[in-house]
Amino acid sequence: MKLSFRWYGPEDTVSLLHIRQVPVIRGIVSALYHIPVGETWPLKDILALKARIEETGFEWTAIESIPVHEDIKLGNARRDLWIDKYCDSIRNMGKAGIPVLCYNFMPVFDWTRSTLDMKLPDESTCLAYDHDMISRVDIKKGTFSLPGWATAYEKDALIRLLDAYSELTEEDLWQNLGYFLKRVIPVAEESGVRMGIHPDDPPWSIFGLPRIICREADLDRFLNIVNSPSNSLTLCTGSLGPDEQNDMVRMTDKYAGKNRIVFAHIRNIKRTGPFSFHETAHPTACGDVNILGVLKMYHKHNFTGVIRPDHGRMIWNETGKPGYGLYDRSLGAMYIAGIWEGLNRD
Ligand code: CS2
Ligand code: MN
């Protein structure tokens, strides 16, 4: 496995030099943050960022993410134009030799939380999701945005977009995902790129919008749309974990066994109600996801893909992008590395 760390590019308060001091990390997961959603990623910009990553001694192991334009998810007349641009981005990342592409197919909003700094008993803070609180938010009333999202919407633009989605059913969204995959996956194959869809976070519908990558049956359906190693998963334990039906150990065993996971996100959560949870430190003992069991499954199947600690807490008075501080993710990386070393010796 290629142990990697997410870096939000040159503007990130966490620098490559900081990450270099975390032992055994080989790879960087990053993106071009200056390209507007939908536009093609120029090869020269990809190569410039790659050079910067490599100068520090790292490999650029995965792109997370190239956002999918809403017109593609909505399946409207402009989608072909955006799909062509998406294909060009895939070709360019292939030319630059970056093998893994993470993306998601969540309408309008990426990961959603009700609180970005919930205090845990040890006074660290974490991201939390309370369904009652989210249900009371009237998103049409004002701007609603969370750090780390590719897009922050102005009120009017958001209302227009939500109106466009009001007619779209889950089945429509599946059709639009299929349309997209049938066009991009052949390009990914030719380009030596493996795409891994990131599951919906949280794994249920929010604000009345359809969400379709939530459960095991969804992942099965997704993988069957195009049966190719280039059409694979980013398996995120913290996104799927809030639904207790998602047995992460069994799912990792199943999909890693079929070689359909290209990117492993390791994050732990604690469920606080049927549709509520908060994030925790990475170790198994801290949350409801059996992280040791998940890593054992990756090891059992000789996983050679990219793995990274996902969201961490804020500890030691660190300030920065919620979920993406340096300290707790570093502890998470060491936890993963330690388990892996133990499994290698067994
Ligand atoms: C999140 C997401 O779980 C995660 O990794 O922080 O923002 C994720 O990067 C996107 O959903 C992937 O497209
Ligand atoms: Mn994730």
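Read-outs throughout are calculated quantities, based only on the coordinates presented, and are distinct from any laboratory measurement. Keep in mind that what you see is a predicted model, and the values were worked out from it rather than measured. All Cβ positions, even for glycine, are placed from backbone atoms using ideal geometry, and neighbour counts span all protein chains on display.
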DSSP loop (so not H, G, I, E, B), at most 16 other Cβ within 10 Å: list which chymotrypsin sites (Phe, Trp or Tyr not before Pro) in region 163-216 pass both filters. 204
Linear extension gain, residue 221 paired with residue 44, 0.36 nm per residue minus alpha-carbon span: 60.1 nm
So if each residue of separation counts as 0.36 nm, and I subtract the Cα-Cα distance between residue 154 and residue 51, what length gain in nm does that give? 33.6 nm
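Mind sorting 163, 328, 346, 88 by how few other Cβ atoms lie within 10 Å of their own Cβ, fewest first?
If I rank by nearby Cβ atoms, fewest first, I get 346, 163, 88, 328.
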Could you pull out which residues in region 42-78 have an amide N less than 20 Å from a spot 7 Å beyond the Cα of residue 20, following the Cα-Cβ vector? 47-62
Check residue 100: other-chain or 5+ apart residues with amide H under 5 Å from its amide H, H built from backbone geometry? 63, 194
Assuming R0 = 22 Å, can you tell me the calculated FRET efficiency for the pair residue 302 and residue 341, based on Cβ-Cβ distance, to the nearest 0.05? 0.90
Only counting other Cβ atoms within 10 Å, I'd like 133, 334, 248 sorted with the fewest neighbours first. 133, 334, 248
What translational diffusion coefficient, to the nearest whole µm²/s, does region 2-345 have by Stokes-Einstein, given a Kirkwood radius computed over alpha-carbon pairs, a temperature of 10 °C and 1.306 mPa s viscosity? 78 µm²/s
Run the numbers on region 1-58 and let me know its relative contact order in percent, using alpha-carbon pairs under 8 Å that are six or more apart. 38 percent
If I take every Cα pair under 8 Å that is 6 or more residues apart in region 225-346, average their sequence separation and divide by the length, what percent do I get for the relative contact order? 22 percent
Once amide H atoms are built 1.01 Å from N in the peptide plane, which residues 5 or more positions from residue 288, or in another chain, come under 5 Å H to H? 269, 270, 271
In the chain, once you exclude exposed GluC sites (Glu not before Pro) (DSSP loop, at most 16 other Cβ within 10 angstrom), what's the longest stretch remaining? 40-122
For the chain, the longest site-free run once trypsin sites (Lys or Arg not before Pro) in DSSP loop states with at most 16 other Cβ atoms within 10 Å are removed: 79-257
Under the Karplus relation 6.51 cos²θ - 1.76 cosθ + 1.60, θ = phi - 60°, what is the ordered set of whole-Hz ³J(HN,Hα) values for region 32-42, x standing for Gly and Pro? 8, 8, 8, 8, x, 3, x, 6, 5, 7, x
Stretchable slack from residue 228 to residue 250, in nm (0.36 nm times residue separation minus alpha-carbon distance): 5.8 nm
Antiparallel DSSP beta bridges within region 2-345, as percent of all bridges there, nearest 5: 30 percent
Relative contact order as a percentage, the chain, C-alpha pairs under 8 Å and 6+ apart, gives 17 percent
